[in-house]
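Asker: If you scroll down you'll find the structure; I have some questions about it.
The values are calculated or read from the model by the stated rules, or taken from the named source; none is laboratory data. Not measured: the values here are computed from a predicted model. Every residue, glycine as well, gets a Cβ built from its backbone with ideal geometry; the counts of neighbours run over all protein chains shown.
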Amino acid sequence: MLAARVVQEQGIHVEGVNFFTGFCVEGHTHAIRDRKHKKPKRNNALWVAEQLGIKLHVIDISEDYKDVVLHPRHGYGQNLNPCLDCKIFMVGKTLELGLIDDLDFDFVLTGEVIGQRPKSQRRETMPIIAKESGANDRLLRPLCALNLPPTLPEREGWVNRDQLFGFHGRSRKPQMELAEKFGFSDYAQPAGGCCFLTDETYSNKLRDLWEARDSRDYQLDDIMLLKIGRHIRPRPHFKLIIGREEGENRFLAGYRNQFTHLAVTDYPGPLALLDGNPTTTDIELAARILARYSQGRAADKLLVTVASVTGLTRDIEVTPMAPNELEPSWHVGS
Amino acid sequence: MSAPNQPLKIVDVRGLLCPLPVIRMQERVKQLTPGTILKVLATDPGSLEDIPAWCRVHGHTVLETRHENHDIQLVIRVSG
C-alpha cells in the first residue's frame, strides 16, 4: 500500500496484483467461521486498491503454486513457508500478466524492505528475486530503494530516486510514520501473517496429510479443509474433520459428496468428514469420537448417522468416548 | 433494470469462498462486452463486500444486491 502510494505521488499510474495461492489466511477463514467479528468481512487487497484508487487484478495461481510449496529451490522458512521462492514466483507471474493478459506496464514494484523478514527480505535475497523472477532491474522497491543500486525506472528518470526511501530492519515505525503522512489511519496486516504456511499448526497438518497418503502432493480442497475444524487421526489410515461451529459445519457439508460423513442423530452436534479409508470398526471409533463433541457426550448411548458418498445412510449406536480415551497425539497439528 | 435487448449473463460462484468468487467473476467479465448485465450467484457472505469493491475499482456498476438466508445475488452492469 505504502510502496504503491510512494510511486503514485510521482504521478505514475499503478495497478495492483493480488495472488490467490490457496493458503491465504484472510478470505476463507473469515468467510467460513460464524463467530462475531468486530472487523468487517473485507478482502484486504481490494480494500487497499480502493484506498489508493487503483485497479486490482486478483489472480488464481493455486495450481501452479504447488511446485513452489512442494519443491522450493531456496528451502522453507520456520515452517512450510517457501517465502523466497514465493516472491520469485509472484514477481515472475506479474511479468506474465504483460504477456497473457496484455497488461501494459514498464516495471514492477513491491513493498519489500531490507531486513524486514529473516528469510526472504534480506540484502542478499533482493537481487535473487530480481534475477530469478526475470524482472531484473525492472523491479523497484520504493520503500528501500536507497539501500539498493538504481533500477531501470530510476536510471531512466521514470521515477525520481530522491523521492524514494531507505527503510531497513524489522521496525515498522518509519512505515507507520509514512502511513500517517499519507493519511492512512487503517492498513492491512503486515507481510508474513497472511499465509497459512507460516503457521506451525497448519504446517504440521499439511505434513500429516503427506505422511498419511505417502505422497507429497495436495489438491485445493485438501488445503482448504486443513483450515477448517478439528483434525483427529486415531489411526494412520484415516482422520476425522469435525466442525467447530455452524459456519464450519455448513462449509464441511459442501463436501458430503466426497467423503463419508457422520452426524449425531439425537443430540445437537457437529458434522464430521472421514478422510482416508476407514473400515467398519474405524467408523464406529469415529462415531464415538464425534459423539464426544456433541451435546450428548454424557449419554450412555446415542445414535450416529453414517452417510456414504453415494448417499446411503445407516444409524449406529455408540457410547461417546470418555475424555481420557481421546489420545492427545490424535489431534493433528498440535 | 437491464438494458433493452440485453441478454442476462450468469456466473455461478456458489460454494466458493473469498477470493474465488471475485476471481471467477473477473474472468467472466473479461469475456463480456460493455453494457452487458451479469448476475452473480454466490453463498460466501464476503461476496457482499468484495464484489461491489471489485466493481468500484474497475468502474463496473452494481445494480442490485439480494441476500436471503445463505443465497446471495448481485446484478452488475459491465463498463467499457
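Asker: Please work out if B:ASP50 is within 14 Å of chain A (Cβ to nearest Cβ), outside any loop (DSSP other than H, G, I, E, B) and either more than 9 Å from the chain's Cα centre (by Cα) or modelled with pLDDT under 95 (or both).
Answerer: Numbers: within 14 Å of chain A (Cβ to nearest Cβ): yes; outside any loop (DSSP other than H, G, I, E, B): yes; either more than 9 Å from the chain's Cα centre (by Cα) or modelled with pLDDT under 95 (or both): yes.
Judged against the criteria, B:ASP50 is a match.
Asker: Follow-up. Determine whether the stretch B:14-24 contains at least one residue that is surrounded by fewer than 13 Cβ atoms within 10 Å (Cβ to Cβ) and modelled with pLDDT under 95. Explain how you work it out, then say what you get.
Answerer: Within the stretch B:14-24, the first condition is being surrounded by fewer than 13 Cβ atoms within 10 Å (Cβ to Cβ), and the residues that meet it are none.
No.
Asker: With the structure loaded, tell me whether A:ILE228 is touching an Asp or Glu at 6+ places or on another chain (Cβ under 8 Å) and within 28 Å of B:LEU20 (Cα to Cα) or whether it fails that test.
Answerer: On the way: touching an Asp or Glu at 6+ places or on another chain (Cβ under 8 Å): yes; within 28 Å of B:LEU20 (Cα to Cα): yes.
Here the answer is yes, as A:ILE228 does meet what is asked.
Asker: Out of curiosity, is A:LEU290 at pLDDT 95 or above, of a type in the set (A, V, I, L, M), closer than 30 Å to A:PRO72 by Cα and in a helix (DSSP H, G or I)?
Answerer: Details: at pLDDT 95 or above: yes; of a type in the set (A, V, I, L, M): yes; closer than 30 Å to A:PRO72 by Cα: no; in a helix (DSSP H, G or I): yes.
Here the answer is no, as A:LEU290 does not meet what is asked.
Asker: Next question, about the same structure. Is it the case that A:ASP85 is farther than 29 Å from A:ASP186 by Cα, modelled with pLDDT of 95 or more and more than 11 Å from chain B (Cβ to nearest Cβ)?
Answerer: Numbers: farther than 29 Å from A:ASP186 by Cα: yes; modelled with pLDDT of 95 or more: yes; more than 11 Å from chain B (Cβ to nearest Cβ): yes.
Yes, satisfied.
Asker: Checking B:ARG56 against (1) of a type outside the set (Asp, Glu); (2) touching a Leu at 6+ places or on another chain (Cβ under 8 Å); (3) at pLDDT 95 or above, which test does it fail?
Answerer: (2)
Asker: State whether the residues of the stretch A:202-213 include one that is part of a loop (DSSP other than H, G, I, E, B) and more than 14 Å from every other protein chain (Cβ to nearest Cβ). Spell out how you get there, then give the answer.
Answerer: First pass over the stretch A:202-213, keeping only residues part of a loop (DSSP other than H, G, I, E, B): none.
No, that holds for no residue.
Asker: Going by what's in this entry, would A:LEU140 be described as crowded, with 16+ Cβ neighbours inside 10 Å and closer than 24 Å to A:HIS13 by Cβ?
Answerer: On the way: crowded, with 16+ Cβ neighbours inside 10 Å: yes; closer than 24 Å to A:HIS13 by Cβ: yes.
It is true that A:LEU140 is crowded, with 16+ Cβ neighbours inside 10 Å and closer than 24 Å to A:HIS13 by Cβ.
Asker: Going by what's in this entry, would A:PRO174 be described as surrounded by fewer than 20 Cβ atoms within 10 Å (Cβ to Cβ) and part of a loop (DSSP other than H, G, I, E, B)? Spell out how you get there, then give the answer.
Answerer: On the way: surrounded by fewer than 20 Cβ atoms within 10 Å (Cβ to Cβ): yes; part of a loop (DSSP other than H, G, I, E, B): no.
So A:PRO174 fails the test.
Asker: If you take the residues of the stretch B:53-73 that are touching a Ser or Thr at 6+ places or on another chain (Cβ under 8 Å) and assigned to a loop (DSSP other than H, G, I, E, B), which of them is surrounded by the most Cβ atoms within 10 Å (Cβ to Cβ)?
Answerer: B:HIS60
Asker: From the residues in the stretch A:227-273 that are under 19 Å from the mean Cα position of the chain (by Cα) and touching a residue at least 60 places away in the same chain (Cβ under 8 Å), which one is surrounded by the most Cβ atoms within 10 Å (Cβ to Cβ)?
Answerer: The residue in question is A:PHE251.
Asker: If the Cβ limit is 9 Å and pairs must be 6+ apart or interchain, which residue in the stretch A:319-334 that is part of a strand (DSSP E or B) pairs with which residue that is of a type in the set (Lys, Arg) and at pLDDT 95 or above?
Answerer: A:HIS331/A:ARG230; A:HIS331/A:ARG233
Asker: Separate question: Has the stretch A:294-302 got at least one residue that is at pLDDT below 95, part of a loop (DSSP other than H, G, I, E, B) and of a type outside the set (Gly, Ala, Ser)? Please lay out each step first, then the result.
Answerer: As a first pass, look at the stretch A:294-302 and keep what is at pLDDT below 95: none.
No, the stretch A:294-302 has no match at all.
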